[in-house]
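J.: Structure below; questions to follow.
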Amino acid sequence: MPRPGFVLDVDRSTPPTLFWHGEGFRLERLPVGSRVLYPPEALPALEDSDSAIRQALLNPIDSDPLPTLLKPGMKLTIAFDDVSLPLPPMRQPDVRQRVIEAVLEMAAAAGVDDVQLIVALALHRRMTEAELRHAIGDRVYDAFEPHGLLTQHDAEDPDNLIHLGTTEQGEDVELNKRAATSDLLVYVNINLVAMDGGHKSVATGLASYRSLRHHHNVRTMTHSRSFMDQHKSELHSSNWRIGRHIAAQGVKVFQIETTLNSDTFPDQFNFLQRREWEWNWRDRAGFLATSKSLQRTPARIARNIFHSIKAPHDITSVQAGAVEPVHELTTANVYKQQLVPVDGQTDIVTMGLPYICPYNVNSVMNPILVMCLGLGYFFNLYRGKPVVREGGVLIMSHPTPWEFHPVHHPSYIDFFEEVLAETTDPLEIEAKYEEQFATDPWYIHLYRTSHAYHGVHPFYMWYWGAHALEHLGGVIVVGGETRSVRRLGFKPASTLRDALEMAEDVVGRDPSITHLHLPPLMIADVT
Amino acid sequence: MRALLFERSLPRYAAARVAGGLSPGAGARVGPLSLADVDPPELPGDEWHRVRPRLAGICGSDLATIDGHSSRYFEPIVSFPFVPGHEIVGDLDDGTRVVVRPTLTCVTRGITPVCDWCARGDSNRCERTAFGHLEPGLQTGYCSDTGGGWSTSLVAHASQLHRVPDSLSDEAAVMVEPAACAVHAAAAVAEDTIAVIGAGTLGLCTVAALRYFGAPHLVIVAAKHPEQKALARELGADVIVEPDGLERSIRRATQSLQLRDQLTCGADAVIDCVGNDASLAQSLRVVAPGGTVHLVGMPGSVNVDLTSLWHREVSLRGTYAYTDDDFTKAFELVEARDLGRLVSALYPLHRYRDAIEHAANAGRRGAVKVAFDLRNERGR
């Protein structure tokens, strides 16, 4: 039976705590009295996931069974989540492959000929062939891609977008035309965190910039407290409005959502998922061997090693049918895996940032993504209240190199070098620069034809952190490249001890400290 | 009088070229430049005056000469031995403080009638810089008859003398000549989106002139060093980037596409204040089709692929010195934008090697303009 999440009170006998530090780790001694939040252990996998998938399709929630929705001569589109999920990429077969194969079998049995697959990229980069083969398997790839039946959503293709009007709040709804004009749109989702899925799958994943800008903006982000709590997330509300509008326009969506357990790292990295005082000799040896060898490994090679990790995630649930009831169940399953009850806020929150976030799979974790992971994602992994109090300090550990992937993140470079050199204020950035970047023809060209994130994407990364920037009294990066950290508007510190001393200038003497021991991911349920 | 003398000596010129190639400014240690006691130049005529320099700047063209990098083009329009120094503020015998406008044109050479260019006031285009009653020399500081600023005495024609108002310090006054070059460069630019490559004295003064006398929509400056960046910002640059970030910045500003390194659109005008292979090649990469590259920095011999110039109908325009009017405007610019602050270091003549090395490495050492301070020189 997996143990639930745990809040450790650090005492004199507590061993040093492991902090992720990019493509490496730090062992840090937290002051006595600090709290460490450990995620729940991995939930057990479904015994027969293929059977569970089939059952979900045959017994959907608030929907007719999938086979009864499939008719000869119909136009069927299957959209699925892109390379940003799951993290790290999971071992094959990927859950998307399992689900898509099951849907295709039923479509074939029903005599559906017009089937297309679309990667729901939103404004993310196009996936490579290898990434697609990994996600959906060779069989599906070879059956569809050579015939032009596997496409990647292009949010800048005027010929393949359709405007479905506006919501009651004036939000433009512009979607992938093939998806929106199909007789049935099957969406295959991976729900890694509580903000994934639901109406967001289609309303965001298959939308254009014109549509996305209504909720990917500073106002929405600062009114989402947090993204992980649907009842308090303006991001959620906007997507739900758009999703309901899509349904009202006659777009029929059959939603298939899956949840994964938190078995995030393979056996050789087992120590990353265990609580330090429970490390056995194998864990200690694994930590030592990994740390020592990483110290001698050039950064580029270390990055390649880490990005080759395939997570042993197992499927914990599959639900299909109508979007909203499906997602309600999905969210409950995510919470079951990730919620950790936490009593009260803290003056200082600490976290170690790993090598990966949703936007640098097989790529470089550039400084903007460091900000986004720390302040956009990890800070927002709460329900109720943020782990850190208003005016508190967030300390994160990451090398934060001034380095960018030139193919994946071209607009990030300009954003970092030009925009952040002027201001780090999200509202000013949004007002002054967003449109320039969003409509830049070169970025649009690279997004459409290469493997580049859309020109506006670094803005969204910055907006993700807007709530944290507004809430926090300071951000300190331990072990980060000084000039990068300063460009982000944060303070650099060489050691955790230095960072804690610096934080005391903001929050006062003898602060309360809480460390988020992740990944694996968790959501702090703060009361 | 004490003077730094540049003599014709091929072996020493070759040595300077080698040394200067290894370490900028090192040509002063081995080359044809030396500190000497020489006779002061004689007054060539009635309208000539003796000027006792107070400050004399070290210019990029001086450094190129000392390090043996200047073009052979200059050979017919200089005369040896000469005393370098053409950025000069000095005193006349009656104590009047003057800035010397160094161009040696028809009037100074006793040529009548003056050439068409001089007649129009465009004396920087004078056709007679190697003729008349003076030895050849395009400017004071390159002519064996007039002497130059790196000494305690030189001669200048009345037409070259501009009285310095009391409100201008010596430091400000010595900036008038380079500022006049910048005024001239800026006057040739009417475009809206302008890139300035280089943020040494000339680049910074050009930014100041662009903003003071015009209203371009966007001025992007490529600057290497922190002090240069700060000054560029203060003087009116809208965007300041590292030199290797210029393409990216202009691409974004002009919403250009890109073909390898070549922007498909680009800046309407590029002002190259560096003048070497790399800066000219970069200028051609970032200038818009039909745009103009203004060569303000003295280029010398360069090796650049001009295909894009041909294909995109780009104009390459030289910008030398200043007109009579530019020189007058430069006083206004220097005072209004406090360009005297660009003078970062002053050296006595006997420390000329240090001064030249400092000037040759000015940006890296946090300096802009380095000058000789003659005010306390023996024999002045």
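The values are calculated or read from the model by the stated rules, or taken from the named source; none is laboratory data. No experiment lies behind these values; they were computed from the predicted model shown. When we count neighbours, we look across all protein chains shown, and the Cβ atoms used for this are built from the backbone with ideal geometry, even at glycine.
J.: All but one of (1) touching a Gly at 6+ places or on another chain (Cβ under 8 Å); (2) within 14 Å of chain A (Cβ to nearest Cβ); (3) surrounded by fewer than 21 Cβ atoms within 10 Å (Cβ to Cβ) hold for residue B:300; state the number of the condition that does not hold.
T.: The single condition residue B:300 does not satisfy is (2).
J.: Is at least one residue of the range B:11-31 of a type in the set (Phe, Trp, Tyr), assigned to a strand (DSSP E or B) and over 19 Å from the mean Cα position of the chain (by Cα)? Reasoning before the result, please.
T.: Going through the range B:11-31, the residues of a type in the set (Phe, Trp, Tyr) turn out to be B:13.
After this cut, where a residue has to be assigned to a strand (DSSP E or B) as well, the list is none.
For the range B:11-31, residues of a type in the set (Phe, Trp, Tyr), assigned to a strand (DSSP E or B) and over 19 Å from the mean Cα position of the chain (by Cα): absent.
J.: Between A:321, A:286, A:250, which is on the phi > 0 side of the Ramachandran plot, out of contact with any Cys (no Cβ under 9 Å at 6 or more places or on another chain) and surrounded by 15 or more Cβ atoms within 10 Å (Cβ to Cβ)? If you could, list the steps in order and put the result at the bottom.
T.: Details: A:286 fails: on the phi > 0 side of the Ramachandran plot; A:250 fails: surrounded by 15 or more Cβ atoms within 10 Å (Cβ to Cβ).
Of the residues listed, the single one that is on the phi > 0 side of the Ramachandran plot, out of contact with any Cys (no Cβ under 9 Å at 6 or more places or on another chain) and surrounded by 15 or more Cβ atoms within 10 Å (Cβ to Cβ) is A:321.
J.: Something else now. For the range A:419-527, please list each of the strands (runs of 3 or more DSSP E) lying entirely inside it that holds at least 1 residues being in contact with a Leu (Cβ under 7 Å, 6 or more places away or on another chain) and closer than 30 Å to residue A:215 by Cα.
T.: Correct list: A:474-478, A:513-516, A:523-526.
J.: List pairs: first residue in the range B:246-262 and within 7 Å of chain A (Cβ to nearest Cβ) and on the phi > 0 side of the Ramachandran plot, second residue surrounded by fewer than 21 Cβ atoms within 10 Å (Cβ to Cβ) and part of a loop (DSSP other than H, G, I, E, B) anywhere in the structure, Cβ distance under 8 angstrom, at least six positions apart or on different chains.
T.: Listed pairs, sorted by first residue: B:255/A:439.
J.: Only one residue in B:34, B:23, B:79 is in contact with a Cys (Cβ under 6 Å, 6 or more places away or on another chain) and not β-branched (Val, Ile, Thr). Which one? First the steps, then the outcome.
T.: Working: B:34 fails: in contact with a Cys (Cβ under 6 Å, 6 or more places away or on another chain); B:23 fails: in contact with a Cys (Cβ under 6 Å, 6 or more places away or on another chain).
Result of the check over B:34, B:23, B:79: B:79.
J.: In the list B:217, B:225, B:157, which residue meets the criterion of being farther than 18 Å from residue B:331 by Cα, in the same structural domain as residue B:62 (by TED's automatic domain parsing) and in contact (Cβ under 8 Å) with a residue 24 or more places away in the chain? It would help to see each step written out before you state the result.
T.: On the way: B:217 fails: in the same structural domain as residue B:62 (by TED's automatic domain parsing); B:225 fails: in the same structural domain as residue B:62 (by TED's automatic domain parsing).
From the options B:217, B:225, B:157, the qualifying one is B:157.
J.: Please go through the range A:19-45 and pick out each residue that is more than 30 Å from residue A:293 (Cβ to Cβ), surrounded by fewer than 19 Cβ atoms within 10 Å (Cβ to Cβ) and not small (Gly, Ala, Ser).
T.: Result: A:31, A:32, A:44.
J.: What number of residues in the range A:322-369 are assigned to a helix (DSSP H, G or I) and more than 21 Å from residue A:41 (Cβ to Cβ)? It would help to see each step written out before you state the result.
T.: First pass over the range A:322-369, keeping only residues assigned to a helix (DSSP H, G or I): A:323-338, A:367-369.
From what is left, the residues that are more than 21 Å from residue A:41 (Cβ to Cβ) are A:323-329, A:367-369.
Summing the residues that are assigned to a helix (DSSP H, G or I) and more than 21 Å from residue A:41 (Cβ to Cβ) in the range A:322-369 gives 10.
J.: Kindly establish whether residue A:375 is part of a helix (DSSP H, G or I), out of contact with any strand residue (DSSP E or B) (no Cβ under 6 Å at 6 or more places or on another chain) and not β-branched (Val, Ile, Thr). Show your work before the answer.
T.: Numbers: part of a helix (DSSP H, G or I): yes; out of contact with any strand residue (DSSP E or B) (no Cβ under 6 Å at 6 or more places or on another chain): yes; not β-branched (Val, Ile, Thr): yes.
Spelling it out, residue A:375 is indeed part of a helix (DSSP H, G or I), out of contact with any strand residue (DSSP E or B) (no Cβ under 6 Å at 6 or more places or on another chain) and not β-branched (Val, Ile, Thr).
J.: Going by what's in this entry, would residue B:36 be described as without any contact (Cβ under 8 Å) to a residue 40 or more places away in the chain, out of contact with any His (no Cβ under 7 Å at 6 or more places or on another chain) and part of a strand (DSSP E or B)?
T.: Working: without any contact (Cβ under 8 Å) to a residue 40 or more places away in the chain: yes; out of contact with any His (no Cβ under 7 Å at 6 or more places or on another chain): yes; part of a strand (DSSP E or B): yes.
Judged against the criteria, residue B:36 is a match.
J.: Another question, if that's okay. May I ask you to say which residue of B:202, B:231 is within 17 Å of residue B:184 (Cβ to Cβ) and more than 10 Å from every other protein chain (Cβ to nearest Cβ)?
T.: Going through B:202, B:231 in turn, the sole match is B:202.
J.: I'd like the residue in the range A:387-412 that is surrounded by 20 or more Cβ atoms within 10 Å (Cβ to Cβ) and in contact with a Lys or Arg (Cβ under 8 Å, 6 or more places away or on another chain) and, out of all such residues, is nearest to the other protein chains (Cβ to nearest Cβ).
T.: Among those residues, the one meeting the criterion is A:408.
J.: Between a first residue in the range B:310-336 that is closer than 17 Å to residue B:176 by Cα and a second residue that is part of a helix (DSSP H, G or I) and among the aromatic types (Phe, Trp, Tyr), which pairs have beta carbons less than 6 Å apart while being 6 or more apart in sequence or on different chains?
T.: Filtered contacts from the range B:310-336: B:333/B:212.
J.: Another question about this same structure. Which residue pairs have Cβ atoms under 8 Å apart, sit 6 or more places apart or on different chains, and have a first residue in the range A:429-455 that is at the interface with chain B (Cβ under 10 Å from one of its Cβ atoms) and free of Cβ contacts under 8 Å to residues at least 60 places away in the same chain and a second that is hydroxyl-bearing (Ser, Thr, Tyr) and surrounded by fewer than 15 Cβ atoms within 10 Å (Cβ to Cβ)?
T.: A:455/A:439
J.: Can you name every residue in the range A:65-88 that is closer than 20 Å to residue A:317 by Cβ, part of a loop (DSSP other than H, G, I, E, B) and touching a residue at least 24 places away in the same chain (Cβ under 8 Å)?
T.: A:81, A:85, A:86, A:87
J.: Of the numbered conditions (1) more than 26 Å from residue A:197 (Cβ to Cβ); (2) modelled with pLDDT under 95, residue A:348 fails exactly one; give the number of that condition.
T.: The one condition residue A:348 does not meet is (2).
J.: Among B:70, B:34, which is assigned by TED's automatic domain parsing to the domain that holds residue B:345, within 19 Å of residue B:352 (Cβ to Cβ) and at pLDDT below 95? Please lay out each step first, then the result.
T.: Working: B:34 fails: at pLDDT below 95.
That would be B:70, the only listed residue that is assigned by TED's automatic domain parsing to the domain that holds residue B:345, within 19 Å of residue B:352 (Cβ to Cβ) and at pLDDT below 95.
J.: Among the residues of the range A:482-527, how many are β-branched (Val, Ile, Thr), closer than 26 Å to residue A:38 by Cβ and buried (at least 18 other Cβ atoms within 10 Å of the Cβ)?
T.: Filtering the range A:482-527 down to residues β-branched (Val, Ile, Thr) leaves A:482, A:485, A:495, A:506-507, A:513-514, A:523, A:526-527.
Okay, now just the ones that are also closer than 26 Å to residue A:38 by Cβ, so A:495, A:507, A:513-514, A:523, A:526-527.
This time we only want the ones that are buried (at least 18 other Cβ atoms within 10 Å of the Cβ), so: A:507, A:513-514, A:523, A:526.
Residues flagged as β-branched (Val, Ile, Thr), closer than 26 Å to residue A:38 by Cβ and buried (at least 18 other Cβ atoms within 10 Å of the Cβ) within the range A:482-527 amount to 5.
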